[in-house]
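> I'd like to ask you about the structure that follows.
The values are calculated or read from the model by the stated rules, or taken from the named source; none is laboratory data. Since the structure is predicted, the reported quantities are computational estimates derived from the model, not experimental observations. Note that each Cβ is placed from the backbone with ideal geometry, even for glycine, and that neighbours are counted across all protein chains shown.
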Amino acid sequence: MMRIRQSFAAPVVDDVAAEVRSQLAKLNLGERIGPGQSVALPVGSRGIANLALVIKTVVDELKALGAEPFIVPAMGSHGGAAAEGQRRLVEGLGCSEEYLGVPIRASMEVDRVGTAPEGTPVYFDRVAHQADHVAVINRVKPHTVLSGHLQSGLHKMMLIGLGNHQGALAYHQAFIKHDPDEILRSVGREVIQTCGILFGLALVENPHEQTALIQAVAPDGFFEAEKELQAKSQRLIPRLPFDDIDLLIVDQIGKNFSGSGMDTNVVGRKQHQHHAGQGETPRITCIYLRDLSPESHGNATGVGRAEFVHQRLVDKIDLEATWVNCITAKSPAGGSLPIHFDSDQKMLSAALAAAGAEDPKTALMVRIANTMELGEMWVSAAYQDQIQGRDDLTVTAPPQDMRFDDAGDLVD
């Protein structure tokens, strides 16, 4: 295996707090917020760049206008579909009451606030619904399953996030029978009209998980803004540098990397569990997962997309949290357990055999830390010919044998 560096176009916001303040100033919020009015600020479960700083800056700006902001966990069924579990996730993202200077009010209770034209009931977090205003803050990026103009972003936060477990169940059910793009848009309209949405703050990241763009949006502009930002995000997401891979080794999966544990916009398999769809790249024969991140708190959603996993990952799985998430998302296969052994050596032998690699020296293998960090990776020497002439790829360590410790695990 040899180590390579992959370069990307990577715009970045140099002063995140200043840009947040500049964007909010464009909305003239002082004309809409009265002294002492409450503003609910939803925080999801994702590892978003600079999230705590962004929330803190919004809190300070709202306080300066005389408002009384507070935090609401907004993450559907995550955290075991329990209020205390969701509070811990929010705090784990750096959004503690001490840092932000405002309370966290966690509840799984919802109000039914309407019915979408398709017949879908519209649910909204009860605590947020009781506030005078709600601000929607989220990262806009391609979703791991959804396609269309609206994927992960402001609309998804209003529906899946602020709908809590009951809303997430209802909307994922609707996605089975209706175009998800239409459900997100029609339910989003109902929420905007009935739930006191004050503004949106959309974040876009570059391939290095840095904040690339921040845009404040008035409620009546959510759809057009998110449609445009989704297209920009598509151009900025990191990708694997090769179309064909016999074996992909992923050191860690987790909810902090992707809603599906590993991002299907990176590994493919967006519509199929174990193979690429027609015209989809990359085409990966087998995936081997080595570990589960601590930040995922045992939620191994997406583990079922792999063929092989290390025993250490299996030992860390919180089955209830994983299964609740997968059932809510109407993707139970995402929680199924692949073949697992107790060492990398055993797993690699099995995975290479399953991938049809008679001679490991000719196998097309790629090893990544996770699906968010794709700037550097290990690739097999079999890729040498493909790397030559690529301006975006640089070899930083020459081919060398994989090394294992006495337990048969890779030496990093």
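Here is a yes/no grid of residues against (1) within 23 Å of Q173 (Cβ to Cβ); (2) among the hydrophobic types (A, V, I, L, M, F, W, C):
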| residue | (1), (2) |
| --- | --- |
| E84 | no, no |
| R87 | no, no |
| E97 | no, no |
| G101 | no, no |
| M108 | yes, yes |
| G114 | yes, no |
| Y123 | yes, no |
| V127 | no, yes |
| A131 | no, yes |
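> Taking the residues in region 12-42 that are without any contact (Cβ under 8 Å) to a residue 24 or more places away in the chain and within 15 Å of L53 (Cα to Cα) as candidates, determine which candidate is surrounded by the fewest Cβ atoms within 10 Å (Cβ to Cβ).
Among residues in region 12-42 that are without any contact (Cβ under 8 Å) to a residue 24 or more places away in the chain and within 15 Å of L53 (Cα to Cα), the one surrounded by the fewest Cβ atoms within 10 Å (Cβ to Cβ) is D14.
This table checks each residue for (1) closer than 30 Å to G356 by Cα; (2) among the aliphatic types (A, V, I, L, M); (3) in the same structural domain as R32 (by TED's automatic domain parsing).
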| position | (1), (2), (3) |
| --- | --- |
| H208 | no, no, yes |
| E224 | no, no, yes |
| L229 | no, yes, yes |
| K255 | no, no, no |
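> Going through A333, A321 one at a time, which residue ends up being surrounded by fewer than 21 Cβ atoms within 10 Å (Cβ to Cβ) and part of a helix (DSSP H, G or I)?
A333
> Let me ask you something else. Do you know which residues across region 50-68 are over 13 Å from L201 (Cβ atoms) and buried (at least 21 other Cβ atoms within 10 Å of the Cβ)?
Across region 50-68, the qualifying residue is only A67.
> Then there is this: Taking region 299-318 on its own, how many of its residues are surrounded by fewer than 24 Cβ atoms within 10 Å (Cβ to Cβ) and under 16 Å from the mean Cα position of the chain (by Cα)?
Of the residues in region 299-318, 0 are surrounded by fewer than 24 Cβ atoms within 10 Å (Cβ to Cβ) and under 16 Å from the mean Cα position of the chain (by Cα).
> Something else: Which one of the conditions (1) under 22 Å from N50 (Cβ atoms); (2) of a type in the set (A, V, I, L, M, F, W, C); (3) at pLDDT 90 or above does I245 fail to meet, given that it meets all the rest?
Among (1) under 22 Å from N50 (Cβ atoms); (2) of a type in the set (A, V, I, L, M, F, W, C); (3) at pLDDT 90 or above, I245 violates only (1).
To keep it simple, each residue is scored yes or no on (1) under 20 Å from the mean Cα position of the chain (by Cα); (2) modelled with pLDDT of 85 or more; (3) not hydrophobic (A, V, I, L, M, F, W, C).
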site: M158; (1), (2), (3): yes, yes, no
site: N164; (1), (2), (3): yes, yes, yes
site: L169; (1), (2), (3): yes, yes, no
site: H172; (1), (2), (3): yes, no, yes
site: D181; (1), (2), (3): yes, no, yes
site: V191; (1), (2), (3): no, yes, no
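> For region 290-308, name all the residues that are touching a strand residue (DSSP E or B) at 6+ places or on another chain (Cβ under 6 Å) and closer than 20 Å to G356 by Cβ.
Those that are touching a strand residue (DSSP E or B) at 6+ places or on another chain (Cβ under 6 Å) and closer than 20 Å to G356 by Cβ: A306, E307, F308.
> Could you list, ordered by first residue, the pairs with Cβ atoms under 9 Å in which the first is in region 390-412 and in contact (Cβ under 8 Å) with a residue 60 or more places away in the chain and loosely packed, with under 14 Cβ neighbours inside 10 Å and the second is of a type in the set (D, E) and assigned to a loop (DSSP other than H, G, I, E, B), at least 6 apart or interchain?
A407/D342
> Checking L313 against (1) under 28 Å from P241 (Cβ atoms); (2) modelled with pLDDT under 95, only one condition comes out false. Which one?
Here L313 meets the rest and fails (2).
This table checks each residue for (1) in contact (Cβ under 8 Å) with a residue 40 or more places away in the chain; (2) on the phi > 0 side of the Ramachandran plot.
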| site | (1), (2) |
| --- | --- |
| D246 | yes, no |
| I249 | yes, no |
| N256 | yes, no |
| M262 | yes, no |
| H275 | no, no |
| G279 | no, yes |
| A321 | yes, no |
| C326 | no, no |
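> Taking the condition part of a loop (DSSP other than H, G, I, E, B), within 24 Å of N256 (Cβ to Cβ) and not assigned by TED's automatic domain parsing to the domain that holds N299, does A106 pass?
When the stated conditions are applied, A106 passes them.
> Continuing with this model, one more query. Could you grab me the full set of residues in region 123-142 that are modelled with pLDDT under 90 and not in a loop (DSSP other than H, G, I, E, B)?
The one that is modelled with pLDDT under 90 and not in a loop (DSSP other than H, G, I, E, B): K141.
> Looking at P338, is it outside the structural domain of E209 (by TED's automatic domain parsing), surrounded by fewer than 21 Cβ atoms within 10 Å (Cβ to Cβ), without any contact (Cβ under 8 Å) to a residue 60 or more places away in the chain and farther than 18 Å from V266 by Cβ?
The answer is yes for P338.
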